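What follows is a short report on a single structure.
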Amino acid sequence: MTTTTDTATAVRAVYDAFGRGDIPTVLEAFDPEIVWIESTGLIRGTYRGPQGVLEGVFVPIGNDWEGFTVETERLVGQGDVVVAVGTYRGTYRATGKAMTSRFAHVWEMRDGRVVRFEQIADTESFNAALT
């Protein structure tokens, strides 16, 4: 079992890699059986495995959003669970409208790898950028 500090550090490393655009490093942090749940927007749904997350989440974000960022303000860990709170920013390419949306992410770790992720976000901000 990893410690709270280890899990928060591992999650921080995933956010940092995503921020650098280093998607291969992000995917390496995922368990082969990861379950990734998106609650809102065009990509809402449940994705399984690193390839499912890549194709169902990361590729659409890259294709649909200009300047998409994930800014984490707080990471709180307890055992193998880390909760992140922060803000998404980006401009939806199809409309040219900017979006700022608050989020909460719940990460579950096992043996230092991400086994489950759930995203809860401000749907009003996302939807306003789409139209």
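Numbers for the structure displayed
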| read-out | value |
| --- | --- |
| Candidate set: segment 9-28, residues that are of a type in the set (A, V, I, L, M) and either more than 12 Å from residue 72 (Cα to Cα) or free of Cβ contacts under 8 Å to residues at least 12 places away in the same chain (or both); chosen: the one surrounded by the most Cβ atoms within 10 Å (Cβ to Cβ) | 26 |
| Filtered residues of segment 52-72 (kept if among the β-branched types (Val, Ile, Thr), within 17 Å of residue 100 (Cβ to Cβ) and outside any strand (DSSP E or B)) | 61 |
| Set 93, 110: member being in contact (Cβ under 8 Å) with a residue 24 or more places away in the chain, within 19 Å of residue 32 (Cβ to Cβ) and more than 12 Å from the chain's Cα centre (by Cα) | 110 |
| Enumeration of residues in segment 1-51 that are of a type in the set (Val, Ile, Thr) and in a helix (DSSP H, G or I) | 4, 5, 7, 9, 11, 14, 23, 25, 26 |
| Residue selected from segment 105-130 under the condition assigned to a helix (DSSP H, G or I) and hydrophobic (A, V, I, L, M, F, W, C), by the criterion surrounded by the fewest Cβ atoms within 10 Å (Cβ to Cβ) | 130 |
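Read-outs: derived from the displayed coordinates by stated rules, not from any lab. No experiment lies behind these values; they were computed from the predicted model shown. Cβ sites come from the backbone with ideal geometry, for glycine too, and all protein chains shown count toward neighbours.
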